[in-house]
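The values are calculated or read from the model by the stated rules, or taken from the named source; none is laboratory data. As the structure is a computational prediction, the values presented were derived from the model and not from experiment. No Cβ is skipped: glycine too gets one built from the backbone with ideal geometry, and neighbour counts run over all protein chains shown. Keep in mind that these areas ignore ligands, DNA and RNA; they rest on the heavy atoms of the full protein, side chains included. Shrake-Rupley method; radii C 1.70, N 1.55, O 1.52, S 1.80 Å.
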Amino acid sequence: MTHPTIIVPSVLAADWGRLHEQIRAVESAGADWLHLDVMDGHLVENISFGPAFCDCVAKVATVPLDVHLMISRPDTFWPRFAKVAKNITIHVEAACDVAATLRAIRAAGIGCGITLKPGTPFAAIEPFLAEVDLVLVMTVEPGFGGQPFIPEMMEKVRAARATRESRGLGYRIEVDGGINAATGKVSIEAGADTLVAGTSVFAAADMASAIRAVRGEK
Ligand code: DX5
Ligand code: ZN
């Protein structure tokens, strides 16, 4: 099963002082979904924002919200995002029962995703693949926007695509970190269909052409 390519700008890279305006602008520039990076200072070495901020985004956004929980205890916190999220993605490195958390998210009618840090092997997420809607391959060390793409992660994207085909599964394959026109192309060729892009979209003078470029259009 394949999916159309979609572009998911990360609100982490927006100017939060002009949040509403930035959301409207990126949506009219062609964003398919919006990505929300929640960090707790434990799973990753940074703190970003939590449920209240996501509620503010949800008040303005008209596209689906893709919530990436970079937190140690997604099992206790995911319900706080349930009202606004289309998808909730959790880390395999989290300190909780990952399978049970994925199942609980899905049972609430929300798409569930599994992700892994660059240093974690693909084998770590294999036990969960039959029960997820999305596999997120981190292409930078999570915690900060604006870092360079790690090309070696394409091996995991290819493994995710091969497993999806061989096992007849249906998850989306998402990449996150350092995605621009060039690395987007590499990711799409490896099998990614869902491209998160922060800096390359929000720092662009023309967000619409930046989004088209990531999508592989002129
Ligand atoms: C990194 C986050 C990313 C980040 C991507 O921890 O998961 O979503 O916002 O930002 P760029 O596109 O700037 O690398
Ligand atoms: Zn992210």
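Among the residues of the range 178-188, those identified as in contact (Cβ under 8 Å) with a residue 24 or more places away in the chain and more than 11 Å from ligand 2 (Cβ to nearest atom) are G178, N180, A181, T183, G184, K185, V186, S187, I188. Given the condition within 16 Å of ligand 2 (Cβ to nearest atom) and surrounded by fewer than 20 Cβ atoms within 10 Å (Cβ to Cβ), answer yes or no: does some residue in the range 163-177 qualify? No, because not a single residue in the range 163-177 is within 16 Å of ligand 2 (Cβ to nearest atom) and surrounded by fewer than 20 Cβ atoms within 10 Å (Cβ to Cβ). All conditions but one from (1) without any contact (Cβ under 8 Å) to a residue 40 or more places away in the chain; (2) in a loop (DSSP other than H, G, I, E, B); (3) in contact with a helix residue (DSSP H, G or I) (Cβ under 9 Å, 6 or more places away or on another chain) apply to S72; the one that does not is (3).
Residues that are in a helix (DSSP H, G or I), aliphatic (A, V, I, L, M) and open to solvent by less than 40 Å² (accessible area, probe 1.4 Å) within the range 112-140 comprise A124, L129, listed in sequence order. Please work out if L116 is in contact (Cβ under 8 Å) with a residue 40 or more places away in the chain and within 16 Å of ligand 1 (Cβ to nearest atom). For L116, the condition - in contact (Cβ under 8 Å) with a residue 40 or more places away in the chain and within 16 Å of ligand 1 (Cβ to nearest atom) - is met. For the range 5-39, filtered to residues that are open to solvent by 40 Å² or more (accessible area, probe 1.4 Å) and touching a strand residue (DSSP E or B) at 6+ places or on another chain (Cβ under 8 Å), the residue that is nearest to ligand 1 (Cβ to nearest atom) is L12. Within the range 141-193, the set of residues being within 12 Å of ligand 1 (Cβ to nearest atom), in a loop (DSSP other than H, G, I, E, B) and under 12 Å from the mean Cα position of the chain (by Cα) comprises P142, G177, I179.
Here T101 clears all of (1) over 14 Å from the mean Cα position of the chain (by Cα); (2) assigned to a loop (DSSP other than H, G, I, E, B) except the condition numbered (2). In the range 178-194, the residue that is surrounded by the most Cβ atoms within 10 Å (Cβ to Cβ) out of those that are hydroxyl-bearing (S, T, Y) and farther than 21 Å from G111 by Cα is S187. Confirm whether P64 is away from ligand 1 (no atom under 14 Å from the Cβ) and under 26 Å from D206 (Cα atoms). Judged against the criteria, P64 is a match.
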